[in-house]
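Let me begin by presenting the structure, written as structure tokens, before commenting on it.
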Amino acid sequence: MQRIFGVACRAGRLHPTAQRQWLLQCVKRGIAGSSARRGTALAQEPFLNGESANYVEEMYTAWLENPKSVHRSWDVYFRNTMAGAAPGEAYIRPPSLSHSLSTELSPSLSPGVRDTKMVEEHLAVQSLVRAYQIRGHNAAKLDPLGILDADLCSNVPTDIITSPDKLGFYGFSEKSLDQMFRLPTTTFIGGGKPELSLREIVHRLETAYCQHIGVEFMFINDLEQCQWIRQKFETPGIMAISTDDRRTLLARLVRSTRFEEFLARKWASEKRFGVEGCEVLIPALKTIIDQSSELGVDYVIMGMPHRGRLNVLANVIRKDLEQIFCQFDSKLEAADEGSGDVKYHLGMYHERRNRVTERDITLSLVANPSHLEAVDPVVQGKTKAEQFYRGDPDGRRVMSILMHGDTFHLSDLPSYTTHGTIHVVVNNQIGFTTDPRSSRSSPYCTDVARVVNAPIFHVNGDDPEAVLHVCKVAAQWRHDFHKDVVIDLVCYRKNGHNEIDEPMFTQPLMYKQISKQPLVLEKYLQYLINTGVVTHEEYEEEISKYDKICEEAYVRSKDEKIMHIKHWLDSPWPGFFTLDGRPKSMSCPPTGVSEDVLAHIGNVASSVPAPDFTAHSGIERMLRGRRNMVSKRSVDWALAEYMAFGSLLREGTHVRLSGQDVERGTFSHRHHVLHDQNVDKKTVVPMNHLWPNQAPYTVCNSSLSEFGVLGFELGYAMASPNALICWEAQFGDFHNTAQCIIDQFISCGQAKWVRQNGIVLLLPHGMEGMGPEHSSARPERFLQMCNDDPDLLPTLSDDFEVSQLYDCNWIVVNCSTPANFFHSLRRQIMLPFRKPMIVFTPKSLLRHPDARSSFDEMLPGTDFRRVISDSGPAGQAPEAVKRLLMCTGKVYYELLKERANRGLDNDIAICRIEQISPFPHDLVIEECARFPSAELVWCQEEHKNQGYYDYVKPRIRTATCRKRPVWYAGRGPQPAPATGNKAMHLAENRRFFDAALTLNSFKQLE
């Protein structure tokens, strides 16, 4: 085969591109293959191994472009191979690489032997360069304390030349150090020179990879990106900075250091989670922002833990110092809006001028809880939204910086990518009191970034100029490749976890060294004085100037007018509220729409998008069913949702729906994305073709991380009030793994951070014999976190419905009709403020024949119905009713059917509470008064210690002034939310139906 190929090449029968592809395939098969059956000369060459094969591929690529660009030994080898040399003849087997090659080649040696020696030496140099590129970071001097290794291993890789005796690994000796070698095309250490001595090669590799910067990048499978990184670190002199940059760097270190010292003097006993030990963080972030601003970025969104937050607020975002200092005042009280939060959790938003680039820039630091990583997906979602609203599809103007973070699994997903995030890890080598050797299994804390081929730059935090260089490179990488990058600031933590901890309890040796460690400011200052960049007097002047700024701000911080939580908004919505932050009104317009709009949406939702589009037969059947419903002026659950979304799009409201399987719907009910059955990747989203000038609709299946995706959507919803952002769990139970986002951001975000948010959680819920993990969305958890008082009857004013919504922390609904679901979604946008909404959505009701709504329930003048009263025989003769069943959700239809079967339509009324929280006291009062002789029973399918009972019972009692008892009918208490046995499920159903529908069954309990 190989000889035939050679003949074909000489005869001109193979195009040069084909030749190149053939030989490259030979290389790859040589790497992966294992026998003489590989069928190509190159694959069978005895010198070829895994790493060498990569070199051969690179050399061959260079040789094709210019045969003179490679060493002549390579030129001879490739010419022989292309001429059809038999396997093994193009190259003579060399001695072992471990054999010394220090002996000069004798002129009497045959050309073949000389070429063999030259190729071996060249490969040895290739291996040496590659070793430093791959493993140089393992030998870098990264720990400023000099006591630990950032990779948790003190052994230097054997192929890194740390002493002359290690030259023998490559077959060299000390005599080889002055021998000249041609440099491979995969390095920039030559600085334009094609050859260097071995001594200089080692020196330059040491300088590039084994000093205060450790670069991890050779796992990246893109040659262009690897070459880009090599150039940024290998080029001689590339780290040199100007005198002006050094003076700026010193000034930023002064501010970072003196800010912490000022706080320590004024509030010695206060926790502030200072950045001492990593003071370089401030100039690092400012450098990233400067460089990004120069490259066109005008909005930076940041997320970070508590350590260093106050310093970042003061010296990066440039928040007024008095606003920070007043947070230490003991007289500061929680604002009217809620509880507030500790100062090192707060965020902010600031538009200012970047004095380095003279360009306007907006900076937003997102508030976060103590669950440090929880803010990461929120930042990413907010960044994605800002890119969307600003027409920045490639992320050139809006970017994110995370000062920790594992959100890499979202980084390249089409609907979640932010086109590159810069991750800055403040690696103080310890977690609370946990030694790093006990806190992770990987060599580095940043190893997770390797999953997405993000380069990782480890840097010694006590070398400010190295940090400066790394930050510039990171910003340029993000701009050029739109991919994530990690900066690992290896530093230390001077004061323990907080300023009042005693770190010597658990890390005595480390903190003995820290006590002797000079500040990075002191070390850098001495270097600049020694090099004549600054004088001591200039330094003292800089210190005095910043100290004066702090003292003046401290005086101003005593002014009570500035003590307001609203100064800490991280996501302001200009024009949405009045100047004092209140809603522009306390009313909500009707949420119905015209019949023409409903019919138009229904017709689009039930049509095949184009004549040449082949839909699945099941989809066509579903579309016919929709057309039939529209013709009868009725809607099911999926069509009601379609109409809610479509009508909002018509009104200019962006709608976004994400979650697992949301495009088709977990229960195959939605089908918002249609797939052509004959053309791969040909899809259509009919919702985006409803109106000529509609707002865009985004629907996207998510990754399997509820925590990450819900946090992302929450951040997306923070960016603008004029969008409906919905996250749907595959099953309601699955929100369990996102509980941190729910507990710490959604339920209390407004109370802690004055952050309103209109995100909608769609949680499929219902006890249908599907087992404990596919039944319950755990309503009790959401209701337990509602902020209304069960024992207090609110004032029933004219605007009670809207004002009650304004006062609540979130809205919890369980709709029983498609029309009510339609109105609940539209109400989210029509309200003059934003609240999160939890919707317990159905499963069986999606196709239940009775769960249908007429167009009449969705026309102008109609609204969301918080309570739906009984309209049957019991409702027409309420005085004779003996029992009033109150329930919510799909259990209504089961009770309705059982009541009819037992002939109790006149004796038992069924009332549906559709909005569970805030509790509709006014309508419950009316409903109870309407049935004066009826005993009150709460009926639910959930277990007694779960579901709604513990929430609704005291509120019903309060509504009735505690004059009537509220009985319970439902399942008994259980630790699991549902049984996994179908027969037991049905038996439980029979028991609670008997309890709910057997009259006088509660008399014995009175």
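Throughout, read-outs are computed from the coordinates displayed, never taken from laboratory work. What you see is a predicted model, and the numbers here were worked out from it, not measured in a lab. We place every Cβ from the backbone using ideal geometry, glycine too, and count neighbours over all the protein chains shown.
Here the range 688-705 and the range 262-336 have alpha carbon centers that stand 37 Å from each other. Near the amide H of V655, within less than 5 Å, lie the amide hydrogens of T698, L724, all on another chain or at least 5 residues away, with H placed in the peptide plane.
Taking Cα atoms only, the orientation of helix 706-719 departs from the longest principal axis of the chain by about 80 degrees.
By how many degrees, between 0 and 90 and to the nearest 10, does the Cα long axis of helix 921-930 differ from the longest principal axis of the chain? Value to nearest ten degrees: 30. Using the Cβ-Cβ distance between Q179 and R355 with R0 = 51 Å, the FRET efficiency computed as 1/(1 + (r/R0)^6) comes to roughly 0.50. Protection proxy ranking for 531-541, 567-577, using the average of other Cβ atoms within 10 Å per residue and placing the highest first: 567-577, 531-541. Charged neighbours of V379, selected by a Cβ distance under 12 Å, balance to -2 (K, R count +1; D, E count -1).
Note: the range 219-326, Cα convex hull, 159 Å³ per residue. Here each label is just a point 7 Å from Cα along the line to Cβ, and for R318 and A880 those points are 7.9 nm apart. Across the chain, C-alpha contacts under 8 Å between residues 6 or more apart give a mean separation that, scaled by the residue count, equals a relative contact order of 9 percent.
About its Cα centre, the dipole of the chain is roughly 2000 debye, where the only charges are +1 on Lys and Arg Cβ and -1 on Asp and Glu Cβ. The stretch between D329 and R990 holds 231.8 nm of extra length on full extension. This uses 0.36 nm per residue minus the Cα-Cα distance. Applying the Karplus relation 6.51 cos²θ - 1.76 cosθ + 1.60 with θ = phi - 60° to the range 478-492 yields 3J(HN,Hα) values of 4, 5, 7, 10, 6, 10, 5, 8, 10, 10, 9, 7, 7, 9, 8 Hz, where x marks Gly and Pro.
Scattering from the chain was approximated by placing one identical point on each alpha carbon and applying the Debye formula without solvent; log10 I(q)/I(0) at 0.10, 0.11 1/Å stands at -1.19, -1.31. In terms of its Cα atoms, the range 573-650 spans 56, 26, 19 Å along the principal axes, sorted from long to short.
As a rough footprinting exposure proxy, the listed residues K232, K558, K382 were ranked by other beta carbons within 10 Å of their own, and the order from fewest upward is K558, K232, K382.
For the range 595-610, 3J(HN,Hα) computed residue by residue from phi via the Karplus equation (6.51, -1.76, 1.60; θ = phi - 60°) reads 5, 4, 5, 4, 5, 5, 4, x, 5, 5, 5, 10, 10, 6, x, 7 Hz, glycine and proline entered as x. Any idea what log10 I(q)/I(0) is at q = 0.10, 0.12 Å⁻¹ for the range 243-568, Debye with uniform C-alpha scatterers and no solvent? So the normalised log intensities are -0.57, -0.85. Look at the alpha carbon pairs under 8 Å that are at least 6 residues apart: their mean separation over the length of the range 877-1005 gives a relative contact order of 27 percent.
Normalising the average separation of contacting C-alpha pairs (under 8 angstrom, six or more residues apart) by the number of residues puts the relative contact order of the range 646-771 at 28 percent.
Put a dot 7 Å past the Cα of D75, heading toward its Cβ, do the same for V673, and the two dots end up 5.4 nm apart.
Packing, taken as the mean count of other beta carbons within 10 Å per residue, orders the peptides 458-466, 986-994 from highest to lowest as 458-466, 986-994. For N495, the shell of other residues with beta-carbons less than 13 Å away shows a net charge of -3, using +1 for Lys and Arg and -1 for Asp and Glu. The residues neighbouring P842, those whose beta-carbon lies less than 15 Å from its own, together hold a net charge of -4 under the Lys/Arg +1, Asp/Glu -1 convention. Please give the helix 223-234 orientation as an angle from the longest Cα principal axis of the chain, in degrees from 0 to 90, rounded to the nearest 10. With both axes taken from Cα atoms, the answer is about 60 degrees.
Within the same chain, aspartates and glutamates fewer than 8 places from K963 are excluded, and of the rest, those with a Cα less than 20 Å from its Cα are D789, D791, E879, D922, E926, E927, E935, D950, E1006. Put simply, when 144-150, 885-891 are sorted by average Cβ atoms within 10 angstrom per residue, most first, you get 885-891, 144-150. Karplus-derived 3J(HN,Hα) values for the range 779-789, using 6.51 cos²θ - 1.76 cosθ + 1.60 with θ = phi - 60°, are x, 4, 5, 5, 5, 5, 8, 6, 9, 8, 8 Hz; glycine and proline are entered as x.
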